[in-house]
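Q: Sharing a structure with you now.
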Amino acid sequence: MKEIIIHNFTVKRGSFTLYPLSLTIEKGEIFAILGRTGSGKTVLLEAIGGMFPGTGGSVLYDGIDVMEIPPFNRRLGFVYQDHGLFPHMKVYDNIVYGLKMHGFTRAEQEERAYALMEMLSITHIRNQYPGTLSGGESQRTALARALALEPEVLLLDEPFSALDPATRKQLYLELTRIHEHFRCTIIFVTHDFVEARLLAHRVGILLNGELKAVVSSDRLMDEHYCEEVEQFLGRE
């Protein structure tokens, strides 16, 4: 688990600006970044993960500035909305890819991969290619790959948006089990109010590149906000 402190952090990416932002995500917390499409949610998630440098401020993991530390050395897992699986690799090979790159033995790769496939109920598809998988199977495979290196921080970019309601509910339960088992800090992006309230401990509302509010998930629809947030929540 890691505590993540973002201080006065800003990003410019093309015509988009993520304005100076300060936020503390507690160790072992499930934190939701909530906002409409184009608000900068994925930019913030990628910035936390180190996918590109900020233009100001700092990001600290347990008090250590990680701005110069590449993503693969940050003990984090990242799952994009489109899952990002390697299409030419079978499910098993996708899962062990990171383990291979970090020098794990074949026996260690197999042990971790089969434990994860069993946990996520995908052992039966281990020899299939991503193009043959359902949305839920792809998501579980992407989660297994992200978890293979036992990350202390798990970043999820709209992980459930493309799934049917039944599969989405199943994966909500899986995320809870993952959090309990791996004891990692989880940050996920969503535009779904119900999802944020159901899964997260706290919610950050991001609109037009600005963090407008941070609130306990059970108080999300009870607090009073600025006019822009009230409109986003459909209360004006």
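The values are calculated or read from the model by the stated rules, or taken from the named source; none is laboratory data. Everything quoted here is computed from the prediction, not taken from an experiment. Virtual Cβ from ideal backbone geometry, glycine too; neighbours counted across all protein chains shown. What goes into the accessible areas is simple: the full protein's heavy atoms, side chains included, and nothing from ligands, DNA or RNA. Shrake-Rupley method; radii C 1.70, N 1.55, O 1.52, S 1.80 Å.
Q: Could you work out the local net charge near D82, counting Lys and Arg as +1, Asp and Glu as -1, over the other residues with Cβ closer than 13 Å to its Cβ?
A: -2
Q: What order, most packed first, do the peptides 125-134, 4-13, 204-213 have when packing is the mean number of other Cβ atoms within 10 Å of each residue?
A: Top of the packing list down: 204-213, 4-13, 125-134.
Q: Provide the per residue accessible area, probe 1.4 Å, for the range 168-222, rounded to a whole number of square angstrom.
A: Dividing the accessible area of the range 168-222 by its residue count gives 47 Å².
Q: Please state, rounded to one decimal and in Å, the Kirkwood hydrodynamic radius that the range 1-87 gives when every pair of distinct Cα atoms enters the mean of 1/r. Numbers along the way, then the final one.
A: Numbers: mean 1/r = 0.0728 Å⁻¹.
It works out to 13.7 Å.
Q: What does the convex hull of the alpha-carbon atoms of the range 76-120 project to on average, in nm²?
A: Taking the Cα atoms of the range 76-120, their convex hull projects to 3.6 nm² on average.
Q: Would you calculate a helix-derived [θ] at 222 nm for the chain, using -39,500 (n - 2.57) for each DSSP H run of n ≥ 4 and dividing by the full residue count, to the nearest 500?
A: After summing the helix terms and dividing by residue count, I get -10000 deg cm²/dmol.
Q: Take the range 39-175, drop everything but the C-alpha atoms, weight them equally and run the Debye formula without solvent; then report log10 I(q)/I(0) at 0.17, 0.20 Å⁻¹ to two decimals.
A: Log-scaled intensity ratios, in q order: -0.96, -1.22.
Q: Shifting gears a bit: Put M117, M101 in order of accessible area, largest first, 1.4 Å probe: what do you get?
A: Of M117, M101, the descending order of accessible area is M101, M117.
Q: What does the charge count around E110 come to, taking other residues whose C-beta lies under 13 Å from its C-beta (Lys +1, Arg +1, Asp -1, Glu -1)? Present the calculation step by step, with values, prior to reporting the outcome.
A: Working: positive: K100, R106, R112, R126; negative: D93, E108, E111, E118.
Surrounding charge for E110 is 0.
Q: Moving on. Beta carbons within 10 angstrom, averaged per residue: use that to sort the peptides 169-180, 89-100, highest first.
A: Result, highest mean Cβ count within 10 Å first: 89-100, 169-180.
Q: Taking the alpha carbon gyration tensor of the range 104-181, what are the square roots of 5 times its eigenvalues, largest first, to the nearest whole Å?
A: Taking √(5λ) for each eigenvalue gives 21, 16, 11 Å, largest first.
Q: Moving to a separate point now. Counting Lys +1, Arg +1, Asp -1, Glu -1, what net charge surrounds R145 among other residues with beta carbon under 11 Å of its beta carbon?
A: Around R145, the surrounding residues sum to +1.
Q: Would you mind getting the accessible area per residue of the range 1-136, heavy atoms of the protein chains only, 1.4 Å probe, in Å²?
A: About 51 Å² of surface per residue is accessible.
Q: Please report, largest first and rounded to whole Å, the three semi-axes of the ellipsoid equivalent to the chain, where each semi-axis is the square root of five times an eigenvalue of the C-alpha gyration tensor.
A: So the equivalent ellipsoid measures 30, 21, 16 Å along its semi-axes.
Q: Follow-up. Determine the share of the range 106-166's accessible area contributed by carbon and sulfur atoms, expressed in whole percent, with a 1.4 angstrom probe.
A: So the carbon and sulfur contribution to the accessible surface is 46 percent.
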